[in-house]
Amino acid sequence: MVFSNQQVASIRFDGDGARTAFPFDFEVFDSGDLRITVDGDEIISGFHISLGTGGQTGGTVRFETPPAMGSTITLARVLRLRRLSSYDAMSIPRGDAIERDLDFITAAIGDVDRGLGGTLRLAAGDVDQASAELPDITPGRALVWNADGDGIANGPQAHEISAAQDHATRATDAANRAEAAETRCETAQKSFGREDASAMLDLDFRSGNLLAWEDERRMPVLDAPVNRIMDIRDTGSLVRLSNGARLTLPNAAIARNGVRYRVFNGDGTLVDITAASGDVILPTNGAAENAVYGLPLRGDMVDVICDGGRWFACPVREAGPLVKLLKTGSQSIPAGGAFLIEWDQVIEDSHSLYDIAHFGPTGLPPGFYHIDIGVRFPVTDETVMTTLSVERYDGVNWSSHLQANDITAIGTGAAHTLRLSGIARIGMGSGSGLRVRIAHTDSTTREIGQSDLLSFFHLHRIGG
């Protein structure tokens, strides 16, 4: 009969957008025992059911509109508990009626058994050891086994579980950092060369320790090519930033009093030091407080130190040269006049600062610059006064900034190199620039001699 061949009382089809008839071969007792779903949603209209006749089981479901392409159609038997026959004291039950009633009861029990198969249930060994009765409902809480393992209780809330996961992630990260720090220390210790040692004392007041360091080379070097948030255990590290990396300092706090890092720009692209939310960095060179301290040029270096309340930036040095200009061709200087030197060769310009229209570097970042200039000036039988000056551009006007005066020698077939060396300061403003002007008192035209060694303009950035 119904379960003699272990039939499954459900079947599933995939819609193709054209098919309307879907047959089933399991036993139902009337059309109301069939549950039809499309993509998981039960439907109660839009179809017709025809059951098998003449002892045939099953039947066919015909849709008025073909189910859509890719849809899932499920036909399943769901028996409603009811009596199919009624027996009284005077009637004689018919065999086919009793058979039908027994089929219905067997099918109904089979449906219940199938439904229980998809539910949570205790293992056979735990049936008599524990209860699966649910506790009173408490919104937002998970269900867990109690401490004795014999019943279910209300557990932690969702945000507590999320917080625990976050703490576990942080703990794992901290363990990884500690292991990495230990490895760096071991590497630094092995690479220490006693012959290069020099006396140095480092007091760590935060931990109450006195550390005797013999060589600054033992300072761990952290390469941070991508964004990095510094850790308190990394204090004293030399941090190299590259490829536009950004370093984030942790919040300034009493616990970090004395924490320091030395940071430098490792590749010439702009890198930034960022203070944590709410903190600012106070440059010791007088610049304004800012949440970001930029290191725009290769070799820029700064010490950042926490005093427990804020971070301080102490520029160490900014290397170069930014530009190295050479004069390879001669250039005439009018009698008794001043003349801008047109540099016709750029040996080095790592940041595209040389502007041929102004005959010098423009768009310089704020800071202090060391200038070294040499101009090859031929000597004649007449002594003349020469003036070599550096003019500074503020975005609108040029004005004299540095100046050197000299008296040329007397002679023939010789040359005199005029020198000017000094520190120029560039303030805020994108139009900042520097150029070189030369003047002489001779009544005839003089020339800058052709030279790729003795006429030069070197510019180094030495402070932010």
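The values are calculated or read from the model by the stated rules, or taken from the named source; none is laboratory data. Being a predicted model, the structure only gives us computed values, none of them experimental. Every residue, glycine among them, receives a Cβ derived from its backbone with ideal geometry; neighbour counts consider all protein chains shown. Note: accessible area is taken over every heavy atom of the protein model, side chains too, but ligands, DNA and RNA are not part of it. Shrake-Rupley method; radii C 1.70, N 1.55, O 1.52, S 1.80 Å.
Residue 399 meets each of the listed conditions (1) free of Cβ contacts under 8 Å to residues at least 12 places away in the same chain; (2) of a type outside the set (Lys, Arg); (3) at positive phi apart from (3). Scanning the range 268-280 finds one or more residues that are modelled with pLDDT of 85 or more and either touching a Pro at 6+ places or on another chain (Cβ under 7 Å) or open to solvent by 40 Å² or more (accessible area, probe 1.4 Å) (or both).
One residue is enough: does the range 355-365 have a residue meeting the conditions at pLDDT 85 or above and open to solvent by less than 20 Å² (accessible area, probe 1.4 Å)? There is at least one residue in the range 355-365 that is at pLDDT 85 or above and open to solvent by less than 20 Å² (accessible area, probe 1.4 Å).
Among the residues making up the range 281-290, a single one is loosely packed, with under 15 Cβ neighbours inside 10 Å, under 15 Å from residue 306 (Cβ atoms) and not acidic (Asp, Glu): 284.
Could you count how many residues in the range 33-77 are closer than 20 Å to residue 100 by Cβ and open to solvent by 40 Å² or more (accessible area, probe 1.4 Å)?
Qualifying residue count for the region: 8.
Residue 348: closer than 28 Å to residue 269 by Cβ, in a strand (DSSP E or B) and acidic (Asp, Glu), yes or no? Against the criterion (closer than 28 Å to residue 269 by Cβ, in a strand (DSSP E or B) and acidic (Asp, Glu)), residue 348 qualifies. Pairs are defined by a Cβ separation below 7 Å, a sequence spacing of at least 6 or placement on different chains, a first member in the range 443-464 that is within 30 Å of residue 314 (Cα to Cα), and a second member that is among the acidic types (Asp, Glu) and open to solvent by less than 20 Å² (accessible area, probe 1.4 Å); the pairs so defined are 461/318; 462/318; 463/318; 464/300; 464/318.
Within the range 366-403, being more than 46 Å from the chain's Cα centre (by Cα), crowded, with 16+ Cβ neighbours inside 10 Å and aliphatic (A, V, I, L, M) holds for 375, 379, 384, 388. For residue 336, the test of being in a loop (DSSP other than H, G, I, E, B), on the phi > 0 side of the Ramachandran plot and more than 24 Å from the chain's Cα centre (by Cα) is passed. Among the criteria (1) farther than 22 Å from residue 403 by Cα; (2) assigned to a loop (DSSP other than H, G, I, E, B), the one residue 314 does not fulfil is (2). For the range 247-267, the set of residues classified as within 23 Å of residue 366 (Cα to Cα), at pLDDT below 85 and open to solvent by 20 Å² or more (accessible area, probe 1.4 Å) consists of 264, 266, 267, listed by residue number. Of all the residues in the range 288-347, those that are closer than 20 Å to residue 363 by Cα, of a type in the set (Val, Ile, Thr) and free of Cβ contacts under 8 Å to residues at least 40 places away in the same chain number 2. Can you tell me which of 404, 415, 409 is at pLDDT below 85 and more than 22 Å from residue 344 (Cα to Cα)? When all the criteria are applied, what remains is 409.
Taking the stated definitions as given, is residue 438 out of contact with any Cys (no Cβ under 6 Å at 6 or more places or on another chain), more than 19 Å from residue 460 (Cβ to Cβ) and either surrounded by fewer than 17 Cβ atoms within 10 Å (Cβ to Cβ) or not charged (D, E, K, R) (or both)? Yes; evaluated as a whole, the condition is true for this residue.
Based on what the data block shows, is residue 346 β-branched (Val, Ile, Thr) and either in contact with a Gly (Cβ under 7 Å, 6 or more places away or on another chain) or open to solvent by 60 Å² or more (accessible area, probe 1.4 Å) (or both)?
Values: β-branched (Val, Ile, Thr): yes; either in contact with a Gly (Cβ under 7 Å, 6 or more places away or on another chain) or open to solvent by 60 Å² or more (accessible area, probe 1.4 Å) (or both): yes.
Criteria met by residue 346.
Looking across 225, 296, one residue alone is modelled with pLDDT under 80, under 29 Å from residue 321 (Cβ atoms), in contact with a Pro (Cβ under 6 Å, 6 or more places away or on another chain) and not hydrophobic (A, V, I, L, M, F, W, C). It is 296.
Within the range 352-376, the set of residues being in contact with an Asp or Glu (Cβ under 8 Å, 6 or more places away or on another chain) and within 13 Å of residue 297 (Cβ to Cβ) comprises 361, 363, 367. Of all residues in the range 166-177, those that are closer than 18 Å to residue 232 by Cα have Cβ atoms under 6 Å from Cβ atoms of residues that are open to solvent by less than 70 Å² (accessible area, probe 1.4 Å), 6 or more apart or on another chain, in 177/231.
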